[in-house]
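The values are calculated or read from the model by the stated rules, or taken from the named source; none is laboratory data. This structure is a prediction, so every number in the text was calculated from the model and none was measured. Note that we place each Cβ from the backbone using ideal geometry, even for glycine, and neighbour counts take in every protein chain shown. Ligands, DNA and RNA are stripped out before the accessible areas are found, and what is left, the full protein with its side chains, is counted by its heavy atoms. Shrake-Rupley method; radii C 1.70, N 1.55, O 1.52, S 1.80 Å.
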Amino acid sequence: MMIVMERSSAVEHLVEIAEDSSAMLRFREREIGWPLEELWATGELLSDASDLEGGAVVLVLDEPAEEVPWLALTPASAFVGDRLRLAKRPLAWSCRPTAWPAWNHENRRLVRYWSAADGLDDPVVEALRTGDVAGLPVVEPEPGELAAQLRKELDVSRRHLDATLDSYWDGDWRREHKGFAVGPEDHLWRAAQAVREISDALDRLEPGA
């Protein structure tokens with residue numbers, strides 16, 4: 001079901017996520033850690049609409065790219081998502097590793113509004129709040145740049161799917177992949193869906209390749 005929300009409400013969620021992210025930085029000096037480096041806004045948040053149907057936030061994690069394949073619910077992403085209460089917010093969310101661009105086939109236009117180094121970007125947040133988004137420092141890849149990145153990500157997602165299939169009936173693996181309201185079947189679906197999504201996106205970018 002599509003959730004329609006006022007722009008002000010959506011931006012308030014962005015700010016709360018950023019504030020919670022800043023507060024969690026204290027755990028970087030402890031064993032628990034905190035891998036979140038950046039927050040990016042995308043979707044209809046980058047339009048001038050007053051009511052939004054497709055706002056989303058992208059989390060950039062300081063994790064190896066092989067450990068943050070598209071759609072995978074990894075220990076790091078599950079931990080961060082739970083701490084930021086993302087499942088209870090009316091915004092879609094996804095994770096990216098620091099080694100890759102924040103954009104991908106799903107979120108092609110984004111603006112960074114928080115970082116661990118600099119905190120909340122107040123001018124960006126104010127522009128998102130008012131809908132005066134024309135001057136935002138939006139990043140967006142060229143088609144060729146996106147295709148090259150997706151080819152790299154497809155290899156990672158295929159390896160992740162193979163590993164998930166190989167381990168799916170292993171008892172230890174199944175126990176390790178329960179929690180945060182998901183089970184082994186969810187991890188398998190995410191791995192397969194990621195390969196399909198990236199493959200389809202490449203086909204659209206490079207028909208007949």
- Message: Taking the Cα centroid of region 1-48 and of region 92-118, what is the distance between the two, rounded to the nearest whole Å?
- Response: 11
- Message: Under 8 Å for C-alpha pairs, at least 6 residues apart: give me the relative contact order for region 82-193, rounded to a whole percent.
- Response: 20
- Item | Positive dipole terminus of region 1-156, leading residue within Ala92, Gly55, Asn107 (C-beta point charges) | Ala92
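Expressed in nm to one decimal, what extension gain is obtained for the pair Gln193 and Arg175 from 0.36 nm per residue of sequence separation less their Cα-Cα distance? Write out the running numbers ahead of the final one.
Details: separation 18, 0.36 × 18 = 6.48 nm, distance 2.20 nm.
Gain on extension, Gln193 to Arg175, equals 4.3 nm.
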- Measure off, as a whole percent, the carbon and sulfur share of the 1.4 Å-probe accessible area of the chain, all protein chains present. 48
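Counting only helical runs of four or more DSSP H residues, what would the 222 nm mean residue ellipticity of the chain come to if each run contributes -39,500 (n - 2.57) and the total is spread over all its residues? Can you show the working numbers first?
Working: 6 runs with 89 residues, N = 209.
Using -39500 (n - 2.57) per qualifying helix, the result is -14000 deg cm²/dmol.
Sorting Ser77, Ser199, Ser8 by accessible area (1.4 Å probe), largest first, what list results? Walk me through the numbers before you get to the answer.
Numbers: Ser77 0, Ser199 30, Ser8 60 Å².
Highest to lowest solvent-accessible surface, that is Ser8, Ser199, Ser77.
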- Query: Going by accessible area, probe 1.4 Å, with all protein chains left in place, what is the ranking of Tyr168, Tyr113, largest first?
  - Reply: Tyr168, Tyr113
- Just how large is the dipole of the chain about the Cα centre, in debye to the nearest 20, putting +1 at every Lys and Arg Cβ and -1 at every Asp and Glu Cβ? 400
- Task: Only one of the values (i) 1.04; (ii) 1.62; (iii) 1.12 was calculated from this structure for Cα Rg over 2.2 N^0.38 Å; name its label.
- Result: (i)
- With every protein chain left in place, what is the accessible area per residue of region 108-209 in square angstrom, probe 1.4 Å? 60
- Only residues of region 169-209 count here: report those whose backbone N is under 20 Å from the spot 7 Å along Cα→Cβ of Arg151, or say none. 195-209
- Query: So, in nm, how far is label Glu31 from label Ser167 when the simple model puts each one 7 Å beyond its Cα toward the Cβ?
  - Reply: 2.2
- Message: At 1.4 Å probe size, what's the solvent-accessible area of Ser9? Round to the nearest 10 Å².
- Response: 50
- Query: So what does Trp189 come to for accessible area, using a 1.4 Å probe and Å² rounded to 10?
  - Reply: 150
